Amino acid sequence: MRIISLAGSPRIPSRSTALLKQSQQWLQQQGVEVIAYTLHDFKADDLLYANFNSPDINAFAAQLALADGLLIATPVYKASFSGALKTLLDLLPERALEHKVVLPLATGGSIGHLLAVDYALKPVLSALKAQEVLHGVFADDSQIVLNGEQATLSGSVTARLKEALAHFYLALGRRNPPPSIIHHSLLMRQPA
Ligand SMILES: Cc1cc2nc3c(=O)[nH]c(=O)nc-3n(C[C@H](O)[C@H](O)[C@H](O)COP(=O)(O)O)c2cc1C
């Protein structure tokens, strides 16, 4: 199994990226290959000026096409997900998440915008034709203590994260293969 992880915070250090990194480690321990991206892997000009010919963004889309799933993290900004992340998602092909399982992670200043992932990010993931968007994990700032690049997650966030990752792992295993693979295996089963 192979997944892409995408850190959607423009800031370093970042609580949402800390949540993502813990998740990466857990998945890697289960044998999942994780290809990690952050917004900083892309040129700001490409994102701001919607450069559909950006080699970096096209390479990212190509990696995504080969992956089974996407682990995506964002801070809540103005009751939504980060605008910088949106500039990247806007440049992906229309069916970029077809056949993929997605697990969203988010952090916010308070639980007031707990539902931002549901009402703001999930519709965009659906527009990109995600096969399955799982119930994500939200943590407020008090639950993730940053000390430079090191992060300590509260016990309740750790427990919720592990549960969500276990569901993600199972969903990756049962995801529908692309039609080309189904077609090929049906052909293989036909008598000569
Ligand atoms: C520009 C900006 C806007 C924000 N807007 C919200 C908001 O609307 N609701 C909220 O709960 N937190 C808001 N916050 C707080 C962040 O969501 C919170 O600190 C989050 O953990 C930051 O994640 P990061 O460290 O990954 O960037 C905002 C922070 C910034 C910098």
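What to note about this one:
- Only one of 110, 82 that is open to solvent by less than 50 Å² (accessible area, probe 1.4 Å), over 26 Å from residue 166 (Cβ atoms) and in contact with a strand residue (DSSP E or B) (Cβ under 8 Å, 6 or more places away or on another chain): 82
- Qualifying residue in the stretch 52-72 (condition: open to solvent by less than 10 Å² (accessible area, probe 1.4 Å), at negative phi and within 16 Å of the ligand (Cβ to nearest atom)): yes
- Test: residue in the stretch 82-95 that is in contact (Cβ under 8 Å) with a residue 60 or more places away in the chain and farther than 21 Å from residue 116 by Cα: no
- The single condition among (1) within 14 Å of residue 165 (Cα to Cα); (2) in contact (Cβ under 8 Å) with a residue 12 or more places away in the chain; (3) not basic (Lys, Arg) that residue 46 does not satisfy is (1).
- Residues satisfying the stated conditions in the stretch 144-155, i.e. within 16 Å of the ligand (Cβ to nearest atom), open to solvent by 40 Å² or more (accessible area, probe 1.4 Å) and without any contact (Cβ under 8 Å) to a residue 24 or more places away in the chain: 145, 147, 150, 152
- In the stretch 129-156, the residues that are outside any strand (DSSP E or B) and at pLDDT below 95: 148, 149
- The stretch 7-49, residues that are under 17 Å from residue 87 (Cβ atoms), open to solvent by less than 50 Å² (accessible area, probe 1.4 Å) and in contact with a helix residue (DSSP H, G or I) (Cβ under 8 Å, 6 or more places away or on another chain): 7, 8, 9, 37, 38, 39, 42, 46, 47
- Filtered by the rule that a residue be of a type in the set (Ser, Thr, Tyr) and in contact with an Asp or Glu (Cβ under 9 Å, 6 or more places away or on another chain), the stretch 88-120 gives 107, 110.
- Condition check for residue 92: outside any helix (DSSP H, G or I), surrounded by fewer than 21 Cβ atoms within 10 Å (Cβ to Cβ) and within 14 Å of the ligand (Cβ to nearest atom): no
- Taking (1) more than 16 Å from the ligand (Cβ to nearest atom); (2) modelled with pLDDT of 95 or more; (3) small (Gly, Ala, Ser); (4) open to solvent by less than 60 Å² (accessible area, probe 1.4 Å) in turn, residue 126 satisfies each apart from (4).
- Annotation: residue 115 fulfils all but one of (1) within 16 Å of the ligand (Cβ to nearest atom); (2) within 24 Å of residue 26 (Cα to Cα); (3) open to solvent by 60 Å² or more (accessible area, probe 1.4 Å); the unmet one is (2).
- Subset of the stretch 124-143 [closer than 15 Å to residue 75 by Cα and either more than 14 Å from the chain's Cα centre (by Cα) or free of Cβ contacts under 8 Å to residues at least 24 places away in the same chain (or both)]: 139, 140, 141, 142, 143
The values are calculated or read from the model by the stated rules, or taken from the named source; none is laboratory data. Fair warning: this is a prediction, and the values are worked out from it, not measured in the lab. Cβ sites come from the backbone with ideal geometry, for glycine too, and all protein chains shown count toward neighbours. SASA here: full protein model, heavy atoms, side chains in, ligands and nucleic acids out. Shrake-Rupley method; radii C 1.70, N 1.55, O 1.52, S 1.80 Å.
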